[in-house]
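Report on one structure; see the data block that follows.
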Amino acid sequence: MAFEGLSDKLAAAFKKLRSKGKLTEADVKEAMREVRLALLEADVNYKVAKDFIACVTEKAIGSQVLESLTPAQHVIKIVNEELTALMGSEQARINISSKIPTIIMMCGLQGSGKTTHSGKLALHFKKQGKRPLLVACDIYRPAAIEQLKVVGGKVDVPVFEMGRTDPVEIARKAVAYAKDYGRDIVILDTAGRLHIDEELMAELQRVKAEVKPDEILLVLDAMTGQDAVNVAKSFDDTLGIDGTILTKLDGDTRGGAALSIRAVTGKPIKFVGMGEKLEDLEPFFPDRMASRILGMGDVLTLIDKAQEQFDEKQAAKTAQRLKENKFDLNDLLDQMHQLKKMGPLQQVMSMLPGQKVQIKDEDAEKGEAELRKMEAIITSMTAKEREKPSLINPSRKRRIAAGSGTKVEDVNRVLRQYEQMQKMLKQFSNPGKMSKKLRRMGGMPGIGGMPGAGGGFPFM
C-alpha cells in the first residue's frame, strides 16, 4: 500500500506527542527528529527532508501551538499543511490548448510504464468526452508498436503508426491526421532507453521542435525513489518537462519520489498510477495525498471513484426498490459488482479515515475472498431464488453449495446476512429511528461490518 512504511513511522511519532498532553519545545524537537528519520528512511531527498523539518519546527514551537489546549493536534496540522505545500499545494492540471489538437508528449526511461500510461491517459480523456489519438513514436523497442495497439484496443482509442520510420515524421503526420479526423488530444508515446543518453535526448528535442507539444509528461517509476528524482531533474534540464506521472505508487511503501520531485525539479506530479488496470490512473491532489500519508483517509478520492462507477439509471432503480422494500439478492449482487469496480478492498478501505490501522493485509485478503465466495453462492442460485430467497429450502441449499464450491453453512451465512440487511433497510422508512440507530452504531452501518473493522458483513 502507498506510503505504508512512512505512515506507520509518522503515526508512531505523533502517538508519543498525543500521550504527553502539554508539550515543551524539547518534545517537539524530539518528535521532529523521528519525523526526519522517517522521511530519510522513506528515501526523501536529504535537503528536502532537512528544509521540511526546519520549517515545521519553526512553526510548531511557537507560543500559539505550545500553549494551546491540543498542542499535538496543532503540530500534526502543521505537518499536514507542509506536506501539502511540499507536493505542490494544489492539483496541477493538463494544459489544454485553445487550438485543436492538444499535443501531449510522453517521455521516460524504458520500463517505467510509459506505453501503458499513455493508454491510461487516453482513457482518462475519453471519459471526459474527448477524442484522443495514440501515436506510436517508439520505433526501437521490440514489439513497442504492437503493445500500444493492444493498449489502444483495450481503451477503444485509435493508434496512429507508420512502422519503423523517423519518429519526428510520425509525430508530424499524426498531428495532421488528428486535425483531419477531429481528434482533439494527441498522445505521443516516444522511445525510452535503459539510461539517459545524448541520442535519446536529441531525438526527443527534435520531436519537440517539430510538433511543439502543449504538455511534456515524464513517466517515472515511484518505486525507484531517489533515482526517479534524479531522472526527473536530468529530463527537465535537457528537455524541459511540464509535469510527471508517477507509476506503481500503490506498491511504493516509502514515498520518497512523491515527496521529493516537486521540491527538487519545481515541476508538479499530475497523475499517479495506482494499479495495473487501465482505469487505475488518478489525478494527483497534494492535499489528499498528505492526508493519506498521515492516516487521515482520502474520502474525496473515494467519492470520485464511486461517481466514476455510478450508473444513474441503476441507482434510481435500486432506490425505488429500496423504497418499495423489494431489495433482493440480484440488487445485492449489483452492489457487490459496483464495489469491486472501485478497486481492491484494501485500497478502498485505506481511503476511510481511521481505517488504516484497523485493516491488515490478511484481513483485506479475507474480505476479498469472502466477497468472491458470496458472489459464487448468489450466482449459483436460480433467478427465482435470487428474487425470492424464502424459496431456498435445505435441498436447494445443498445444490447451491455444490454449484458454488462452498458449504451449506456458507450459503446459510449469506442468507442470514441478507436477512439482516433487509431488516436494516426497513429502518429507512422511519428516518427518526434510523438516525438513533446510526448514532448508537457510531456511524454508517456498512463501515463497522467491513472485514477487520469489527464485523462480518464484507461490503458497504
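Derivation of every value follows stated rules applied to the coordinates shown; laboratory data play no part. Because the structure is predicted, anything quoted here is derived from the model rather than measured. When we count neighbours, we look across all protein chains shown, and the Cβ atoms used for this are built from the backbone with ideal geometry, even at glycine.
Annotations for the structure displayed:
- Measuring between alpha carbons in the structure, the pairs from 9/366; 149/233; 130/154; 22/77; 149/373 lying more than 24 angstrom apart are 9/366; 149/233; 149/373.
- Values of log10 I(q)/I(0) for segment 102-303 across q = 0.08, 0.16 Å⁻¹ run -0.25, -1.01, by the Debye formula with one identical scatterer at each alpha carbon and no solvent.
- Convex hull of segment 229-282 built on C-alpha atoms - directionally averaged projected area, nm²: 3.8 nm²
- Distance from the alpha carbon centroid of segment 187-260 to that of segment 369-393 works out to 49 angstrom.
- For residue 20, a cut-off of 18 angstrom between C-alpha atoms picks up these aspartates and glutamates, skipping any fewer than 8 places away in its own chain: 30, 34, 67.
- Sorted ascending by nearby beta carbons within 10 Å, beginning with the fewest, 229, 211 become 211, 229.
- Reciprocal mean inverse distance between Cα atoms of segment 4-86 - Kirkwood radius, Å: 12.7 Å
- Charge tally around residue 54: other residues with Cβ under 13 Å, Lys/Arg +1 each, Asp/Glu -1 each, net +3.
- Least to most buried among 124, 337 (fewest other Cβ within 10 Å first): 337, 124
- Taking a sphere under 14 Å around the Cβ of residue 110 and counting the other residues whose Cβ falls inside, with K and R at +1 and D and E at -1, yields a net charge of -4.
- Taking every C-alpha pair closer than 8 Å and separated by at least 6 residues, the mean separation divided by the residue count of segment 102-303 gives a relative contact order of 23 percent.
- Whole-Å semi-axes of segment 59-192's equivalent ellipsoid (Cα gyration tensor): 44, 17, 13
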